[in-house]
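Notes follow the structure.
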Amino acid sequence: MELSSLLKSLQLESPPDRGDPECPAATAPPAEQVLSQILSLFSAEGVSSSAKVGMVRDLRVLFEAADCQWLFGGCHPNVTPKLLGDLVAALCHYAALPKQESDTGGPTSNDGFYTTMADRTADVGLVFLSLLAKVEGSKSLGAVVVRQVLPHCLGLIYIFAATHHTEKPWTSPRSQSVAQELLTLLVQVAGCGSVAEFLQGRSEDEEGRFAAVMRLLKPELTKETWKRNPATKHVFSWTLRQVTRPWLSRHLESVLPPSLLLSDDYQEENKILGVCCLHHIILNVPAADLNQFNRAQVVYHALYHHLYVREAQLIQVVLLCLLDLLQVLERSPQRLSQEPRTATPCQEVLQLVLTHMEAEHRLPLRRVYARNLPAFVKRLGILIAQHLKRLERVIVGYLEVCDGPDEAARLGILETLKCTIQHAWPRMACRLAVLLKALLRMIWDVSTDEGLTPQPVKTALLHGATECLILLDHCSQGQVKILLEGIYHSCDDCSLQACIRQVQENT
């Protein structure tokens, strides 16, 4: 029997009159029988694409017009959970992106293909919206749908909505809108207030649906399969970020391997996505769980390997992730151990970063390194004294070079120098001549610069340099004031004179 014939037999082309005791739904075939025949027709071999498009639209009409009592029943569901789950799975499979046979990182760029997929997705999404609307309506009948039927299809519908709710090559404004509306209704039907609550539960003791979603995603997140579906990595990443502390720790075994797998890829986009997933895990899983079974060490070595790349965006996320991971690996790196020369992970990272900074000439990378360097100095504290020789060369080299209108590298290095003086002040007197010369040269360059550097940036640079001069003066017992005395009277530059005057007036 064709689907259209089924609809005619049910007389559901228009909504039945609820007040009519002779409602056609009362004599309609059982919902189990109807949906079973629909599933058989939809899954049959040899059915053309155009025929399936018509079936999907007819199925939407069925769900919109069907009576909640006929579809779901009261105390006992009229439709078995497995049948409804199979039907949802068949529709998800119909709207799924085709598997990629080659390692291309995404589907072929074809506007016609994407348009077809987006239209198909929107049609299936409308079917799910109609189904969930009936589920929501059936709650007033005292039905047990939420407890018995929904668990078999909520996970599949969530993955479907998460695949299409944001702008991607395979979506369109219409498919995005439908997916967003579907996600909102899905959360409402589940009795939750947000996607995060839907996934992790209302309280720490309540188990949400994250585990069920991960079970569905697991076959798609193996080394051999994760690249065959271009949407899988985005669904996993977005879903992971919805689950926070303290719920995430119980799912550590299921989320850590895929995150490491993504970060180990050769494509920069996937590396960044994987590192961001690892960072979220580090921030939301207790240190004790991360250190168990050497998990934190595994993550550290994976991140340390990325420090050898030369992509500024990747280095930025890696350094931020490492800074939080070091708090897990090292409880107190500033305490002096019995073996002070034993390099800690923080020292290993700093040594490699300083090595790369010395030879780096690309401005985007110089900015990233300089922006993150102060955090490493603060973390090491007095132990930064072990790295002063190389750090001094980096500071002097970066102060000499203008890096554009925003001067991010110079500002970062000035902050680094300030932190270094504060933590390793006993070692600054012997480096006074070199640092003083570098700071004065930079102040002169900035004050005489007639380029595109905005005045607020120049002011920030001069302020940062002045703070460093004041700190150097304090730790050298006033030697900076003495050395600057002659320069103040022989220099006619107003900006330089103003900086020197602030140093001399500071007590």
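A few comments on the model shown:
- For the chain, calculated [θ]222 nm from helices alone, where every DSSP H run of n ≥ 4 adds -39500 (n - 2.57): -21000 deg cm²/dmol
- Set of aspartates and glutamates with alpha-carbon distance to Lys134 below 19 Å, sequence-local pairs under 8 removed: Glu13, Asp17, Glu32, Asp58, Glu64, Asp67, Asp86, Asp123, Glu181
- Ranking Arg60, Arg366, Arg120 by solvent-accessible area of protein heavy atoms (1.4 Å probe, all protein chains present), from largest to smallest, gives Arg60, Arg120, Arg366.
- Percent accessible area from carbon and sulfur atoms, the chain, protein chains only, probe 1.4 Å: 53 percent
- Ala51 versus Ser203: modelled label distance in nm, points set 7 Å from Cα along the beta carbon direction: 5.3 nm
- The mean accessible area for residues of the chain, using a 1.4 Å probe and ignoring ligands and nucleic acids, is 47 Å² per residue.
- Between the Cα long axis of helix 154-164 and the first principal axis of the chain there is an angle of about 60°, rounded to the nearest 10.
- Cα-projected label distance for Arg390 with Lys82, points at 7 Å along beta-carbon direction, nm: 6.3 nm
- Taking all protein chains together, Tyr304, Tyr266 sort by accessible area into Tyr266, Tyr304, largest first [probe 1.4 Å].
- Among the listed pairs Lys218/Lys378; Lys389/Lys481; Lys168/Lys458; Lys378/Lys481; Lys52/Lys82; Lys139/Lys227, those whose Cα-Cα separation exceeds 29 Å are Lys218/Lys378; Lys168/Lys458; Lys139/Lys227.
- Which label in (1) 256; (2) 296; (3) 199 gives the computed volume of the Cα convex hull per residue in Å³: (3)
- FRET efficiency for the pair Asp449 and Lys139, taken as 1/(1 + (r/R0)^6) with r the Cβ-Cβ distance and R0 = 56 Å, rounds to 0.25.
The values are calculated or read from the model by the stated rules, or taken from the named source; none is laboratory data. Quick caveat: nothing in here was measured; it's all calculated off a predicted structure. All Cβ positions, glycine included, derive from the backbone under ideal geometry; neighbour counts span all protein chains shown. Please note that ligands, DNA and RNA were not included when accessible areas were found on the heavy atoms of the full protein model with its side chains. Shrake-Rupley method; radii C 1.70, N 1.55, O 1.52, S 1.80 Å.
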